[in-house]
Amino acid sequence: MDAGVWYRSLPRFTRYWLTATVVLSMLCRFDIIPIYWLHLDRNLVFGKLQLWRCVTSLFVFPISSNTAFHFLINCFFIVQYSSKLEKDQYSRSPADYLYLLIVSAVLANIGGMLFNVYFLMDMLVLAITYIWCQLNKDVTVSFWFGTRFKAMYLPWVLAAFELIFHFSLASLVGIFNGHVYYFFKFQYSQDLGGTALLETPQFLKRLVPDISGGFGGFGVPPESRAPPRQAPESPWGRGMTLGRN
C-alpha cells in the first residue's frame, strides 16, 4: 500500500496522535527543539505555570540509539490498537474516543507527577492497549518469536518486559489508568448497575458530532450482570385485579 494512502486510512484521532508523536520526537532528536522544554516536570508545571508540558510530554519521546526500537514499538501499538479501538468500538461516536484519550491523558499526567516520569508515551499507549484488550479478551494476538496468547494477557506481558529490561513502572501505571477508564465506563454501570460516570461532555459531542449509519460491534463491552431492578411497591399495597376472587 502506498504510504500516503495508508496514512489517510488511519482513523482521525489515531492519525493525529501518531503525527504529533513522530513530529515532536524527531524535532527533539535533531535538536531543533530542546527536549527539556517539553518533558513533564511537576516543579515547572506548578512553580512556573509551564502548563504546555502536560500536553507535550504525552507525545515527545527521547529517541536515541538505545531507545529507537522502543519508540518504534510504541508507534506500532498506536497504529495497531488505537486504530482498532477507534474504528470498531467508537466508529460512530468519535467524540467518545476523543474523551477516552483526554481522560487517559489526564490520568497519565497524574501518574507522571506522582512517580516523577518525564515522558508519558508508555503510559498512554498501555492504557489504550489495555482497554482494547479488555474489550477483546478472547482474541488471539501474536507477540515476539511467534508466541500467541489471548489479548487479555498482552498488557501484562508488555509491562513485564518493560520492568525487566528498563526497570520502569510506567507501563504498570498505564495499565492502572486503562483499568480506571474501563471500570467506570463499562463495568461500574453494566456489571454493578451504577450510574454512568464517564459520559462524554456535550461540548465534545457538538465539536465532533456522532456519525449516523454504518455498523459496529467488534470489541463490545461485556453484557450487564447487574441484577434487574424491581419497580418500587406502591405505599397503598399491591391492590387487587378486577374480575378475580
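The values are calculated or read from the model by the stated rules, or taken from the named source; none is laboratory data. None of the values given here were measured: they were computed from a predicted structure. Every residue, glycine among them, receives a Cβ derived from its backbone with ideal geometry; neighbour counts consider all protein chains shown. With ligands, DNA and RNA removed, areas are computed over all heavy atoms of the protein, side chains included. Shrake-Rupley method; radii C 1.70, N 1.55, O 1.52, S 1.80 Å.
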Using only Cα atoms, locate the centre of segment 1-17 and the centre of segment 85-100, then give the distance between them in Å, rounded to an integer. 16
In whole angstrom, note down how far apart the Cα centers of segment 130-161 and segment 42-77 are. 25
Under the Karplus relation 6.51 cos²θ - 1.76 cosθ + 1.60, θ = phi - 60°, what is the ordered set of whole-Hz ³J(HN,Hα) values for segment 128-138, x standing for Gly and Pro? 5, 4, 4, 4, 4, 5, 5, 7, 9, 4, 8
Which trypsin sites (Lys or Arg not before Pro) in segment 2-107 sit in a loop by DSSP (not H, G, I, E or B) and have at most 14 other Cβ atoms within 10 Å of their own Cβ? LYS48, ARG92
Keeping all protein chains in place, calculate the accessible area per residue for segment 82-125 (probe 1.4 angstrom), answer in Å². 35
Rank these by accessible area, largest first, 1.4 Å probe: MET26, MET113, MET121. MET26, MET113, MET121
With a cut-off of 8 Å between alpha carbons and a minimum separation of six or more residues, what is the relative contact order of segment 8-197 in percent? 19
With +1 at each Lys and Arg Cβ and -1 at each Asp and Glu Cβ, the charge dipole magnitude of segment 8-197 around its Cα centre, to the nearest 20 debye, comes out at 320
Solvent-accessible area per residue for segment 1-68 at a 1.4 Å probe radius, Å²? 62
For segment 74-85, Karplus couplings with θ = phi - 60° (6.51, -1.76, 1.60), whole Hz, Gly/Pro x: 4, 4, 4, 5, 4, 5, 6, 9, 5, 4, 5, 5
Give the residue from LEU10, ASN109, TRP144 lying farthest towards the positive end of the charge dipole for segment 8-197; charges sit on Cβ (+1 for Lys and Arg, -1 for Asp and Glu) and the dipole is referred to the Cα centre. LEU10
Candidates per chymotrypsin sites (Phe, Trp or Tyr not before Pro) in segment 142-200, loop by DSSP, up to 10 other Cβ within 10 Å: PHE167
Which ³J(HN,Hα) values in Hz, rounded to whole numbers, follow from the phi angles of segment 152-163 under the Karplus curve 6.51 cos²θ - 1.76 cosθ + 1.60, where θ = phi - 60° and Gly and Pro get x? 4, 8, 4, x, 6, 5, 4, 5, 5, 4, 5, 5
